[in-house]
Amino acid sequence: MSVSCGDDGVDCLDCLRCGVCGLDCLVILGCSRWVWKRCTYVGSDDSTAWAPATPDEFEPVPRVCRLILAIYRPDIRHPEFPTSGGHRLNPDWLVKRVTYERTLGHAPPYIIYVDHDHCEIVLAIRGLSLAKESDYKLLLDNRLGMQMFDGGYVHHGLLKSATWLLNEESETLKRLWVENGSNYNIVFAGHSLGSGVASLLAVIVANHGDRLGGVPRSKVQCYAVAPARCMSLNLAVKYADVIHSIILQDDFLPRTPTPLEDIFTSIFWDTFIPEGRKLRDPRRLYAPGRMYHIVERKFCRCGRYPPEVRTAIPVDGRFEHIVLSCNATSDHAIIWIEREAEKALQRIRESSAETVTTAPNIQKFERLRTLEKEHKDAVERAVSLDIPHAVIHSLHRKSADIVLDDKARPRNARTNWDEVVKKLMNRDRSGKLCLERNK
């Protein structure tokens with residue numbers, strides 16, 4: 001079949017021009033849609049439907065931020081630039097301070113602090129230093145799907161750092177736990193790069209608390225401030241009862257994929273990737289645990305508003321889009337997070353005092369039941385959405401259930417955490433242990 005284009009080909013050219021014009025219009029519409037979605041998307045959109053946090057669950061956050069800030073101060077007795085209200089730390093309770101010279105690039109600097117007022121043994125880890133090449137190597141030591149762990153995937157470099165840190169400090173933590181009546185909480189806290197190390201520390205110890213003197217999972221807590229994306233979605237949901245991620249408004253890091261070389265792909269193409277495709281990628285890493293989002297700015301409005309804190313254990317819509325905001329980097333700074341968290345806590349307390357209708361003990365009990373139900377619901381939703389490796393029966397597995405050869409281990413022997421971590425690597429995709437039988 002032939003198409004008549006006229007003697008001089010004018011009709012054919014007109015058809016071609018119309019086709020090109022139509023294609024141009026589609027490209028312009030597509031680009032306009034992309035620009036509109038990227039420019040009108042604000043950080044507060046991520047948590048619009050989340051519930052408000054309560055004073056009791058958010059109370060540790062400003063305190064943990066002050067502990068992380070103390071890592072940057074060589075002398076906490078006389079800090080050069082104290083935070084508003086001071087660090088409020090007791091210098092006599094500082095057990096150990098470890099600098100870059102002693103970590104030798106295996107981990108960021110950290111401190112160990114015993115908070116007798118709140119019955120906590122805290123290991124706090126600082127964030128990435130722009131001047132330290134070792135920190136960049138640690139963060140970039142990862143490829144998607146490189147490290148299978150506990151029925152999911154984790155960041156390879158951060159896992160190596162967590163294992164090294166446990167080999168260095170597990171005996172100190174165990175001694176402090178026993179000396180304080182085996183009743184204190186073991187708290188891992190970190191900012192930025194340190195948050196990823198702290199999160200994986202919490203996962204290991206939650207599974208192997210017996211190696212620290214019998215620490216139960218219920219006594220292990222982690223606060224990941226401005227968290228890095230360090231574990232797959234099934235693990236991020238599974239450990240939501242242990243790990244708490246704190247994010248200030250537009251912070252870029254929880255929204256940035258690892259490895260970081262994919263950041264530009266994320267900015268330009270994630271808008272067009274269907275949500276279901278992201279969820280079904282077993283290698284995609286996420287910010288860990290339960291999320292606490294501090295929101296202080298609103299769309300098309302100037303200035304900061306009194307901060308509010310929203311919390312949830314999201315499965316889909318888990319900080320998936322980088323926000324094009326001039327505050328994306330400043331919201332990552334630990335000093336700003338501490339200030340806004342303190343303001344938010346005071347506001348939550350004031351609001352709670354005005355609406356109290358039940359006794360505090362009853363409120364705590366009811367909130368605890370709500371948190372447990374939210375965790376259970378999140379795991380069930382992950383399973384219903386066919387999130388890779390998500391399973392219900394592994395929820396709240398006790399550490400004693402995974403001890404393989406503890407009876408054969410000498411009671412006073414120093415734990416080799418590299419071997420302990422390998423046991424978590426030997427799980428199948430459903431999270432069950434795959435024991436290698438002796439031949």
How much length is gained on full extension from M425 to D75, taking 0.36 nm per residue of separation minus their Cα-Cα distance?
122.0 nm
Per residue accessible area of segment 121-223, 1.4 Å probe, in Å²:
29 Å²
Quick one: what Rg and Dmax do you get for segment 137-207 from the alpha carbons, in Å?
13.4, 42
If you take the beta carbon distance between R283 and S218 as r and set R0 to 25 Å, what does 1/(1 + (r/R0)^6) give as a FRET efficiency, to the nearest 0.05?
0.25
Count the net charge of all other residues whose Cβ sits under 10 Å from the Cβ of Y292, scoring Lys and Arg as +1 and Asp and Glu as -1.
+1
How far, in nm, would the chain grow between S134 and K298 when pulled straight, counting 0.36 nm per residue and subtracting the alpha carbon separation?
55.3 nm
Angstrom value of the Kirkwood radius, inverse mean 1/r, which spans all Cα pairs in segment 86-157:
14.5 Å
Dividing the alpha-carbon radius of gyration of segment 140-259 by 2.2 N^0.38 Å (N being the number of residues), what value is obtained?
1.04
Calculated FRET efficiency for the pair L23/C119, C-beta based, R₀ 51 Å, to 0.05:
0.15
Environment charge at A333 (Cβ cut-off 11 Å; Lys +1, Arg +1, Asp -1, Glu -1):
-3
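The values are calculated or read from the model by the stated rules, or taken from the named source; none is laboratory data. Note that the structure is a prediction, hence the values are computed from the model and not measured. Every residue, glycine among them, receives a Cβ derived from its backbone with ideal geometry; neighbour counts consider all protein chains shown. The accessibility values were calculated without ligands, DNA or RNA, using every heavy atom of the protein model including side chains. Shrake-Rupley method; radii C 1.70, N 1.55, O 1.52, S 1.80 Å.
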